[in-house]
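Shown next, in structure tokens, is the structure this report addresses.
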Amino acid sequence: MPLNQAKQQELERFALEIRIGILEQLKARGFGHVGGSLSVADALAVLYKTQMRVDPKNPGWPERDKLVCSKGHAGPAVYATLALLGYFPYEMLKTLNQPGTCLPSHCDRNKTPGIDMTTGSLGQGTSLACGMALGERMRGRDTRVFLIVGDGEANEGQVWEACMFAAAKQLSNLVLLLDVNGKQLDGCTKDVLDTLDLGAKIRAFGFDTVEIDGNDVCALYDALERTRQGGDKPFAVVMNTVKGKGVPDVENARSNHSMTVPADQWAVWQSALIGRLG
Amino acid sequence: MDIVYDGSMDKRTFKDVLGQTIQQLSGQDPDVVYLDADLMSCIGTCQWSAENPTRGINCGISEANMIGVACGLAATGYKPIVHTFGPFASRRVFDQVFLSAGYAGNDITVIGTDPGVCATFNGGTHMPFEDVALYRTIPTATIVDITDVPMLVSVLRQYKDMPGVKYLRVGRKNSAQVFADGTETPVGPAIPLREGADACIFASGIMVHEALQAAKLLEADGVDAAVVNVFTIKPLDAETVKRYAAKCKNVVVTENHNRIGGLYSAVCEALARENIAKIDVVAVNDEYGEVGPQDYLQQRFGLTAAHIRETVLQLVRPDAR
């Protein structure tokens, strides 16, 4: 069933809150991985609000669905989501990358409540997610493992080793969300190392694949609902997104993987988003 | 500890025992999962894995992915045992082992077969003289260089329930038996195999046999050499190393590995501030491997009892020649 209007608005609002939370973190330090955090905010909103079986009061619950954010530098987006869901106090977001923090740049399962897997060396999260999905199935649990991979990350050979493995082992409890935001650290993905047609590639690797606007909560919801249908293939949602989505200055910045800007600039961007909350 | 060493070779091969032990552990513990990267046939686990596809998982020729999958399984409560050849179990997957296993806190056992000159006819591309050096830099990793069949069985049994990154290097052919069948060799403590007053030889892996042979040769030279099996390279049993170094004053470390970064380095680090002994080494002299039968390679890289004897004599009698 498609999203009703009320639910759509709720999800859009949650995605907006995630974006505000991302800026809350980067503002405190003055720099960080802003572009790739903002591009996945909508996906995280839809995942945690409509797909994932989780309990913020019990982050270690074995029966929970798991998220592996293999593009580990999107940590601030996941942290904002987890804070809003009550995994830890919202105030903690201010500690991103501060000495002794529980919120390092890259996701760390040993430091942050609700982070299911440590990532950061690109490509590795894909194999970890495959192992988790296989383990969940061997345990006889009906849990799902959601895996977020960046398009720049798809430069890594390990991503494709893992995709082969997922299809060969029929990991239908694995959902790959590919964040195709078109940019990586040094520039546009097509200029740095052209990944060509990622949707076609993933389909050829044996995934049930849909391609959508990854900044559209309705499209995300429809695509993710389809992944519930079972079968013997892993699923891939190719999300065409905008790197820096939601903050026009960031969207338009030539280089927006990691940005260093004065605190008052972060505050201006954040205020604009807060204004949209109404 | 029951030492049965008489210099003769065990009829059993490491590869058969390794494959059988993995299957046994899997039978005893439902959480043990074995992963391989298209080298199951090399340790005799192919058929068993085909019959037990959820217990023996063939990942194909993708070692990096295999380590990640093992770590994901560990995160789900399993006790993965990963096997591939030594070079692939170390340098090829170093970042995966370091981060996905070590840093991320996923406990896995990694078995690298055919370390150093044991790679024989696979040659220099397959001959890791650096695997121990790499693993030593992983915080809190455990590293064992296997000497014989009973030690292999004992260490594998212990490894499956130990936390952290656990690396085990072992050949696939047979070796001289040192310990009686059923001997437990607890990971950690070095094992004195022979007492001596003039020099001490610290050895691991296949070099234990060479060290014991060297000690016999030295006997004829009138040199009383102790031999200590330092099979656990990390964490090093520094206390035993220091005790024997202080007692014998002359130390020779021997390993089937580059002299940089392995057991020799570990012993030197342990003794650096002690100023209690002269130290020398019988190991690979910072070279790449090459192809050939193992006896040729041991000659070629100076990994024989004769080389150990020479080195001990030079330490003990520096003015003799």
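Read-outs throughout are calculated quantities, based only on the coordinates presented, and are distinct from any laboratory measurement. Bear in mind that the values here come from a model prediction, so they are computed numbers and not experimental data. Please note: Cβ atoms are built from the backbone with ideal geometry, for glycine as well, and neighbour counts cover all protein chains shown.
Which value in Å does the Kirkwood hydrodynamic radius of the protein assembly as shown take, with 1/r averaged over all unlike C-alpha pairs and then inverted? Numbers along the way, then the final one.
Numbers: mean 1/r = 0.0385 Å⁻¹.
One over the average 1/r among Cα pairs gives 25.9 Å for the protein assembly as shown.
In degrees between 0 and 90, to the nearest 10, how far off the longest principal axis of chain A does helix A:263-277 point, with axes built from Cα atoms?
Roughly 70 degrees between the two axes.
Separation of region A:135-187 and region B:235-263 by C-alpha centroid, Å?
45
Roughly what angle does helix A:124-138 make with the longest principal axis of chain A, taking Cα atoms, 0 to 90 degrees, to the nearest 10?
Relative to chain A, helix A:124-138 is tipped by roughly 50 degrees.
Going toward the positive end of the dipole of chain B, with +1 on Lys and Arg Cβ and -1 on Asp and Glu Cβ, which of B:V69, B:Q177, B:S49 do you reach last?
B:V69
Test of understanding: in a Gaussian network model of chain A with alpha carbons linked when under 10 Å, which of A:A45, A:A15, A:A83 would top the mean-square fluctuation ranking?
Answer for the Gaussian network model of chain A: A:A83.
Looking at chain B as a GNM with Cα springs under 10 Å, which of B:F14, B:F88, B:F121 has the largest mean-square fluctuation?
Comparing B:F14, B:F88, B:F121 in the GNM, the peak value goes to B:F121.
Give me the dipole magnitude in Debye, nearest 20, for region B:171-264 about the Cα centre, with unit charges on the beta carbon: positive for Lys and Arg, negative for Asp and Glu. Display every interim value, and only then the final one.
Values: 10 positive and 11 negative charges, 61 e Å.
The dipole magnitude comes to about 300 debye.
Under the definition of Cα pairs under 8 Å and six or more residues apart, what whole-number percent is the relative contact order of region B:82-164?
Working: 86 pairs, mean separation 29.3, N = 83.
Result for region B:82-164 is 35 percent.
Which residue fluctuates most in the GNM of chain A (Cα springs below 10 Å): A:K111, A:K243, A:K27?
Result: A:K111 has the largest fluctuation of those listed.
Putting +1 on Lys and Arg Cβ atoms and -1 on Asp and Glu Cβ atoms, find which of B:C200, A:Q25, A:A43 reaches farthest to the positive end of the dipole of the protein assembly as shown.
So the residue we want is A:Q25.
Just name one of A:V237, A:P262, A:G275: the one whose Cα is farthest towards the positive end of the charge dipole of region A:165-278 (beta-carbon charges, Lys/Arg +1, Asp/Glu -1).
A:V237
Between region A:24-94 and region B:120-153, how many Å separate their Cα centres?
Between the Cα centre of region A:24-94 and that of region B:120-153, the gap is 40 Å.
Under unit Cβ charges (Lys, Arg +1; Asp, Glu -1), what dipole magnitude, rounded to 20 debye, does the protein assembly as shown have relative to its Cα centre?
Details: 58 positive and 70 negative charges, 174 e Å.
In total the dipole reaches around 840 debye.
Can you check what the net charge comes to around B:G182, using other residues whose Cβ is under 13 Å from the Cβ of B:G182 (Lys, Arg +1; Asp, Glu -1)?
So the environment of B:G182 carries a net charge of -3.
Starting from a Cα-only point model with no solvent, please compute log10 I(q)/I(0) by Debye for region B:53-98 at q = 0.28, 0.33 1/Å.
-1.13, -1.36
Between region A:217-261 and region A:99-123, how far is it from one alpha carbon centroid to the other, in angstrom?
After rounding, the separation between the Cα centres reads 21 Å.
Helix-derived [θ] at 222 nm for the protein assembly as shown: sum -39500 (n - 2.57) over DSSP H runs of at least 4, divide by residue count, nearest 500?
On the way: 22 runs with 223 residues, N = 599.
Mean residue ellipticity, 222 nm, calculated: -11000 deg cm²/dmol.
Magnitude of the Cβ-charge dipole of region A:5-277, K/R +1 and D/E -1, about the Cα centre, nearest 20 debye?
Working: 30 positive and 32 negative charges, 121 e Å.
So the magnitude is around 580 debye.
Going by the alpha-carbon gyration tensor, a ≥ b ≥ c the square roots of its eigenvalues, is region B:14-170 rounded (a/c under 1.5) or, if a/c is not under 1.5, prolate (a/b greater than b/c) versus oblate?
rounded
Reported to two decimal places, what Rg/Rh ratio describes chain A when computed on Cα atoms with Rh from the Kirkwood expression?
On the way: Rg = 17.3 Å, Rh = 18.5 Å.
Rounded to two decimals, Rg over Rh is 0.94.
Counting other C-beta atoms within 10 Å, and keeping those with at most 13, which DSSP coil trypsin sites (Lys or Arg not before Pro) do you find in region B:1-64?
Working: sites: B:K11, B:R12, B:K15, B:R55; in loops: B:K11, B:R12, B:R55.
For trypsin sites (Lys or Arg not before Pro) across region B:1-64 that sit outside H, G, I, E and B with at most 13 neighbouring Cβ atoms in 10 Å, the list reads B:K11.
In what sequence do B:V251, A:V261 fall when counting other Cβ within 10 Å, fewest first?
Numbers: B:V251 27, A:V261 17.
Least crowded to most crowded, the residues run A:V261, B:V251.
My understanding is that a pair violates if its Cα-Cα distance is over 30 Å; which of A:K7/A:K111; A:K111/A:K233; A:K71/A:K233; A:K111/B:K15 do that in this structure? All intermediate terms of the calculation are to be shown ahead of the outcome.
Details: A:K7/A:K111 32 Å; A:K111/A:K233 33 Å; A:K71/A:K233 23 Å; A:K111/B:K15 40 Å.
Beyond 30 Å: A:K7/A:K111; A:K111/A:K233; A:K111/B:K15.
When only C-alpha pairs under 8 Å and at least 6 residues apart count, what is the relative contact order of region B:191-316, in percent?
Working: 236 pairs, mean separation 37.4, N = 126.
Across region B:191-316, relative contact order equals 30 percent.
Could you tell me the relative contact order of chain B? Use alpha-carbon pairs under 8 Å, at least six residues apart, and round to a whole percent.
Computed over chain B, the figure is 18 percent.
Using only atoms on other chains, find how many Cβ atoms lie within 10 Å of each Cβ of peptide A:157-163 and report the average.
On the way: counts 3, 10, 1, 2, 11, 7, 1.
Mean partner-chain Cβ count within 10 Å for A:157-163: 5.
Does region A:185-277 come out rounded, prolate or oblate, given a ≥ b ≥ c as the square roots of the eigenvalues of its C-alpha gyration tensor, rounded meaning a/c under 1.5 and, failing that, prolate meaning a/b above b/c? Numbers along the way, then the final one.
Values: a/c = 3.78, a/b = 1.63, b/c = 2.32.
Here region A:185-277 falls in the oblate category.
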